[in-house]
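A short worksheet on the structure shown next.
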Protein chains: 2
Amino acid sequence: MRRKGLVLAVSAAPRTSSGTSDPTTASAPDFGNAVALVCRECGTRVPLGPSFACLECFGPLEIAYEFPEITREQIEAGPANIWRYAPLLPVPADVASRPNLEPGLTKLVRAENLARELGVTGGLYVKDDSGNPTHSFKDRPVSQALEAARAFGFDTLSCSSTGNLAGAVAAAAARAGLKSCVFIPSDLEQAKQVVAAAYGGHLVAIKGNYDDVNRFCTELIGDEIGENWGFVNVNLRPYYAEGSKTLAYEICEQLGWRLPDNLVIPIASGSQLTKIDKGLQDLIKLGLVEEKPYKIFGAQAKGCSPVSTAYKAGHDVIRPVRPDTIVKSLAIGNPADAPYVLDIARRTGGAVEDATDDEVRDAMRLLARTEGIFAETAGGTTLGVTRKLIADGRIDPAEETVVLNTGDGLKTLDAIADTTGATAVIDPTLDSFREAGLA
Amino acid sequence: MRRKGLVLAVSAAPRTSSGTSDPTTASAPDFGNAVALVCRECGTRVPLGPSFACLECFGPLEIAYEFPEITREQIEAGPANIWRYAPLLPVPADVASRPNLEPGLTKLVRAENLARELGVTGGLYVKDDSGNPTHSFKDRPVSQALEAARAFGFDTLSCSSTGNLAGAVAAAAARAGLKSCVFIPSDLEQAKQVVAAAYGGHLVAIKGNYDDVNRFCTELIGDEIGENWGFVNVNLRPYYAEGSKTLAYEICEQLGWRLPDNLVIPIASGSQLTKIDKGLQDLIKLGLVEEKPYKIFGAQAKGCSPVSTAYKAGHDVIRPVRPDTIVKSLAIGNPADAPYVLDIARRTGGAVEDATDDEVRDAMRLLARTEGIFAETAGGTTLGVTRKLIADGRIDPAEETVVLNTGDGLKTLDAIADTTGATAVIDPTLDSFREAGLA
């Protein structure tokens, strides 16, 4: 049985599911307040299923909800992780009781030392997602994909990845008791392979580049081998992407249920930025925060900056690039959500900017030195861009700004290894220490 | 001005402090409910100061408290980090308002998959301290040392370290706005040097081994160079060590304010195990948990197992060893708290056991595969020992057991790199995937 149609709209339900994709019947998967998939381009609605592209126009599908009244008190009474926001996500109400990694509610750090260095007087915060279980924001979207996989009766969680995602998927599957099979390019650094393989699922190295891996995965989904597989960033993508909304919810709740003036967010596919905007809109619509203007800024690495280039040129579409940067986790040359990112940056009065590899390294060191937060290169990119935006006044230093750190410096040691090390090497004597001139 | 006396009992206060060490006067440092340092051996009491050894008998000094009534509600209303337990620690009441890394309240994971594999029916939990800001339990003791350094007016935070501690100290100092200067042996692996140096303080590599580094640090404390320096694990050790009590508090609170039946804890210096016991006793004395028997088990790596060897031989003192194990973070050949560990294991009906390097690696993989927790080698040691204790009945599988994971697998990738990697390397074709035989 071939199921090539699956990658587009309503597909046959997998063997172990209820066999129906009508969300109104009792035996249908339970997605809480999510009611349908809707095409972001043409608005076509289809039932919730393992589909990611519109049959009418090939536009991306995303989750539509019918929210009941949801109160701050209700959320605050929930668990200390993303499941406190379950009513705002495509998950059943009892989701927190199922074994899962429980990501989220990471620290929103009031960065007073950093604010002083950058001249920010209106409040500067770092949302530090290195505190997630596998130390990147990826645990958020993967948690949503996992629930969708459970709902559709998939038995294997899968993805294509160049690093963070492979570990996040393998770890989530392990805790949940699902199988996992993740695909990477065979030339991936050994350290990243070890991390991804540590969780014991299948780690398959594909001879080729990341594009080859993706093409292979799409083929696999259409084949009977992949029949009971949930690819978090392919056939489960609409659910997966919703996980990033929780960053918006947490930031606003941690600020005392209000919107910041500015958010600076890294751009890989652009999905995270667009979903954070969606999350902020959810909160406004539900009356959980007071409506007020906010600006969203996107950050790219100079060596992979198609969105920033298009923004600066005033274009609505991007020209794909071949990435050449130390910021591997943002190195997507043809970001799927680029048009939405450009729209959001312009509509909110934000901007898209980029930082060179040297600026990224400098910003990593700045953040570590001032706040004790050792960020991944993606975090360095976001802070490097923030620095520029403050310096040229596009971010008003008297306003309140939140900068995202989406990953952990332990995962990108190579990026700073050549320039970071011992201040001095000395003999074990006081004289030798004095000669080093450090005290 | 030389201050050789400082390393023992009451020393001159540093220049920037109030100049008095009487905690009852208004200008004295504020240590909350802590009232004195008391010698663990002879019971001699001295005022709270930057001292760690008894002038009478050279025994270790530890913190004594006079606790008021403290309720569960009071603690539960506190911040979501270790500062909810401030009344039980040597810190001022407003400690949470000062810039600090806010460690603690890490996840207590109900390990259902692992319990099934090990045949545990009474409940099995992993206290996962890889969730701390610098991804090891060290953030807990360092947070206490930092407050002591502030109280004594020290301007530089320092330590000798072979890894985790150096990063924890440098990060804590950065956030707090103190200087840091940490000392490591010059042959430390480059990756660990990068992590320790990332936070921008001084990282000084000493030509010599860890013992040479320690000797140098003791000399430095007695010299005028070190006059305003707080060495977290030397002159601030009594405060530092108290941080591990919070593991006991959190475990009991997260279990719903009750004691588990068994705790399995790794042994490096032995301080963590003894302080967890002290923390459990605090909770019992304050009526925060109901008193009932509990057993404490200590875990060592076979290649550095002086305490386990002494335990098995029925000795009260250990014979120091030269460490030879992949478990670097537990590789202390002459653990200072060994006699107390032996006493606690025997008194509570526990035991001390060890795991070989292979057993450590196996346990790391077991934990990752079953629960999605990628532990440091120390975590593998603790789980490896737990496995043995369950297999031979010393831990009753019908009882409730808590296993500590004190660090993050990302920091000890080398330990499993040779044996962990891709399951298969294939061409990007379905046929090639089929041939690999994974689906």
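The values are calculated or read from the model by the stated rules, or taken from the named source; none is laboratory data. Computed from a predicted model, the values in this text were never measured in an experiment. Heads up, the Cβs are rebuilt from the backbone with ideal geometry, glycines too, and the neighbour counts pull from every protein chain shown. Just the protein is used for accessible areas: all its heavy atoms, side chains included, with ligands, DNA and RNA removed. Shrake-Rupley method; radii C 1.70, N 1.55, O 1.52, S 1.80 Å.
Considering only residues of segment B:39-53 that are open to solvent by 60 Å² or more (accessible area, probe 1.4 Å) and of a type outside the set (A, V, I, L, M, F, W, C), which is farthest from B:A151 (Cα to Cα)?
B:E41
Taking A:P185 as the residue in question, decide whether it is touching a helix residue (DSSP H, G or I) at 6+ places or on another chain (Cβ under 9 Å), within 23 Å of A:Y249 (Cβ to Cβ) and not hydroxyl-bearing (S, T, Y).
no
Scan segment B:131-147 residue by residue and report those that are under 9 Å from B:Y240 (Cα atoms) and of a type in the set (V, I, T).
B:V142, the sole residue that qualifies.
Exactly one of these conditions fails for B:G409: (1) of a type outside the set (F, W, Y); (2) within 23 Å of B:L188 (Cα to Cα); (3) open to solvent by 10 Å² or more (accessible area, probe 1.4 Å). Give me its number.
(3)
Any residue in segment B:222-242 that is of a type in the set (V, I, T) sitting within a Cβ distance under 7 Å of a residue that is not in a helix (DSSP H, G or I)? List the pairs, counting only those 6 or more apart or interchain.
B:I225/A:A439; B:V232/B:L157; B:V232/B:C159; B:V234/B:F52
Looking at segment B:366-394 only, could you name the residues that are part of a helix (DSSP H, G or I), charged (D, E, K, R) and within 12 Å of chain A (Cβ to nearest Cβ)?
Selection gives B:R369, B:E371.
May I ask you to verify whether B:D30 is at pLDDT below 95, open to solvent by 40 Å² or more (accessible area, probe 1.4 Å) and farther than 27 Å from B:T274 by Cα?
no
Determine whether segment B:226-246 contains at least one residue that is touching a Lys or Arg at 6+ places or on another chain (Cβ under 7 Å) and within 11 Å of chain A (Cβ to nearest Cβ).
Scanning segment B:226-246 turns up at least one residue that is touching a Lys or Arg at 6+ places or on another chain (Cβ under 7 Å) and within 11 Å of chain A (Cβ to nearest Cβ).
Counting residues that are among the hydrophobic types (A, V, I, L, M, F, W, C), modelled with pLDDT of 95 or more and open to solvent by 10 Å² or more (accessible area, probe 1.4 Å), which strands (runs of 3 or more DSSP E) fully inside segment A:149-261 reach at least 1?
Passing ranges, in order: A:229-231.
Taking into account only those residues within segment B:395-434 that are more than 35 Å from the chain's Cα centre (by Cα) and among the charged types (D, E, K, R), which is farthest from the other protein chains (Cβ to nearest Cβ)?
My answer is B:D431.
Restricting the search to segment B:65-95, which residues are open to solvent by 50 Å² or more (accessible area, probe 1.4 Å) and either part of a strand (DSSP E or B) or closer than 13 Å to B:L283 by Cβ (or both)?
B:F67, B:R72
Can you report the number of residues in segment B:96-115 which are touching a residue at least 60 places away in the same chain (Cβ under 8 Å), within 19 Å of B:V403 (Cα to Cα) and open to solvent by 40 Å² or more (accessible area, probe 1.4 Å)?
Of the residues in segment B:96-115, 1 are touching a residue at least 60 places away in the same chain (Cβ under 8 Å), within 19 Å of B:V403 (Cα to Cα) and open to solvent by 40 Å² or more (accessible area, probe 1.4 Å).
Which residue is farthest from A:T106 (Cα to Cα), if the candidates are limited to segment B:112-148 and must be assigned to a strand (DSSP E or B) and either at pLDDT below 95 or not hydrophobic (A, V, I, L, M, F, W, C) (or both)?
Our first condition is that a residue be assigned to a strand (DSSP E or B); within segment B:112-148, this holds for B:124-128, B:136.
Of the ones still in play, those that are also either at pLDDT below 95 or not hydrophobic (A, V, I, L, M, F, W, C) (or both) are B:125, B:127-128, B:136.
Working: B:Y125: 22, B:K127: 18, B:D128: 15, B:S136: 16 Å.
Going through the qualifying residues, I end up with B:Y125.
Which condition from (1) at pLDDT 95 or above; (2) in a loop (DSSP other than H, G, I, E, B); (3) farther than 24 Å from A:K107 by Cβ is the one that B:L61 breaks?
(2) is the only condition that B:L61 fails.
Would you check if A:G123 is within 11 Å of another protein chain (Cβ to nearest Cβ), at positive phi and either among the hydroxyl-bearing types (S, T, Y) or surrounded by fewer than 24 Cβ atoms within 10 Å (Cβ to Cβ) (or both)?
No, not satisfied.
Taking the conditions exactly as written (under 25 Å from A:D129 (Cα atoms), over 24 Å from the mean Cα position of the chain (by Cα) and surrounded by fewer than 18 Cβ atoms within 10 Å (Cβ to Cβ)), does A:E56 satisfy them or not?
Spelling it out, it is not the case that A:E56 is under 25 Å from A:D129 (Cα atoms), over 24 Å from the mean Cα position of the chain (by Cα) and surrounded by fewer than 18 Cβ atoms within 10 Å (Cβ to Cβ).
Residues in segment A:168-191 that are closer than 20 Å to B:I426 by Cα and facing another protein chain (nearest Cβ under 8 Å): how many?
Matching residues across segment A:168-191 total 6.
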